[in-house]
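The values are calculated or read from the model by the stated rules, or taken from the named source; none is laboratory data. Note that the structure is predicted; figures quoted are calculated from it, not measured. A quick note on method: Cβ atoms are made from the backbone with ideal geometry, for glycine too, and the neighbour counts reach across all protein chains shown. For the accessible areas, the whole protein counts, side chains as well, though only heavy atoms, and no ligand, DNA or RNA atoms are used. Shrake-Rupley method; radii C 1.70, N 1.55, O 1.52, S 1.80 Å.
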Amino acid sequence: MRGSETGQPVCQPDCWSRVDTGSPYLPGTPDVTVFASGHCWRGVHVDMGNPHAVAFLDDLSLAGPLRVPPQTAPHGAYPEGVTVEFALRVSRRHLSLRIHERGVGETHACGTGACAAVAALRHLDRHTDAATYIVDVPGGRLGVTVHPDGTMTLEGPALIVAQGVIG
């Protein structure tokens with residue numbers, strides 16, 4: 001979006017956005033296997049309204065170049081495709097991610113993916129307390145707050161880069 005008088009973005013990069021992303025859903029058997037770049041990892045299936053498979057790695061470079069979609073098992077677990085998050089635990093409440101978004105490829109950020117990664121971490125660690133997490137993605141740093149009722153709030157920098165009219 002451009003300012004009509006200055007031609008500059010209306011929202012500068014230091015704008016902050018906050019959105020309620022709802023509650024994550026982990027199916028009865030949330031375990032999946034993620035395959036990429038000749039490696040395989042245990043993954044956690046998380047549904048944030050769209051399907052995610054979150055795999056925790058010791059080194060994010062092990063995921064490889066992510067030019068092709070990672071594979072998952074069991075076969076048919078994601079009939080419409082899946083967004084895969086490769087997560088590195090930096091500390092108890094701090095993650096670093098690489099994301100392969102379904103239908104897109106590797107992306108710089110994914111809000112529901114950041115929330116899914118936090119949900120997977122909490123599932124594996126059996127955390128149920130309200131808490132705020134830091135999630136670093138190639139596009140910047142996000143915050144994910146888990147509220148006492150299990151809902152999540154995502155926050156981070158935002159910039160409107162385009163505007164259009166459909167009609």
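Checking each residue in the stretch 56-76 for being surrounded by 17 or more Cβ atoms within 10 Å (Cβ to Cβ) and either under 23 Å from Gly150 (Cβ atoms) or out of contact with any helix residue (DSSP H, G or I) (no Cβ under 9 Å at 6 or more places or on another chain) (or both) picks out Phe56, Ala63, Leu66, Pro69, Thr72.
On the stretch given as the stretch 155-167, residues that are outside any strand (DSSP E or B) and in contact (Cβ under 8 Å) with a residue 24 or more places away in the chain total 6.
Of all residues in the stretch 81-99, those that are under 17 Å from Thr112 (Cβ atoms) have Cβ atoms under 7 Å from Cβ atoms of residues that are of a type in the set (Asp, Glu) and crowded, with 18+ Cβ neighbours inside 10 Å, 6 or more apart or on another chain, in Thr83/Glu101; Leu97/Glu85; Ile99/Glu85.
Is there a residue in the stretch 107-119 that is over 20 Å from Val19 (Cβ atoms) and either in contact with a strand residue (DSSP E or B) (Cβ under 9 Å, 6 or more places away or on another chain) or surrounded by 12 or more Cβ atoms within 10 Å (Cβ to Cβ) (or both)? For the stretch 107-119, residues over 20 Å from Val19 (Cβ atoms) and either in contact with a strand residue (DSSP E or B) (Cβ under 9 Å, 6 or more places away or on another chain) or surrounded by 12 or more Cβ atoms within 10 Å (Cβ to Cβ) (or both): absent. The stretch 98-154 holds strands (runs of 3 or more DSSP E) entirely within its bounds, and those carrying 1 or more residues that are more than 22 Å from Leu62 (Cα to Cα) and out of contact with any Lys or Arg (no Cβ under 9 Å at 6 or more places or on another chain) map to 140-146. When Ala131, Ala87 are screened for being open to solvent by less than 50 Å² (accessible area, probe 1.4 Å) and closer than 16 Å to Leu26 by Cβ, only Ala87 passes. Scan the stretch 119-138 and report the pairs whose first residue is acidic (Asp, Glu) and whose second residue is outside any loop (DSSP other than H, G, I, E, B), with Cβ atoms within less than 6 Å and a gap of 6+ or a chain change. These pairs meet every condition: Asp136/Ser96. Scanning the stretch 38-47 for residues that are open to solvent by 70 Å² or more (accessible area, probe 1.4 Å) and either in contact with a helix residue (DSSP H, G or I) (Cβ under 8 Å, 6 or more places away or on another chain) or not in a strand (DSSP E or B) (or both), we see that the one that is farthest from Gly113 (Cα to Cα) is Gly38.
Flag: Arg18 does not match the condition of being at pLDDT 95 or above, of a type in the set (Lys, Arg) and within 23 Å of Thr145 (Cβ to Cβ).
Just need a number here: residues in the stretch 133-150 that are in contact with a Gly (Cβ under 6 Å, 6 or more places away or on another chain) and among the β-branched types (Val, Ile, Thr). Summing the residues that are in contact with a Gly (Cβ under 6 Å, 6 or more places away or on another chain) and among the β-branched types (Val, Ile, Thr) in the stretch 133-150 gives 0.
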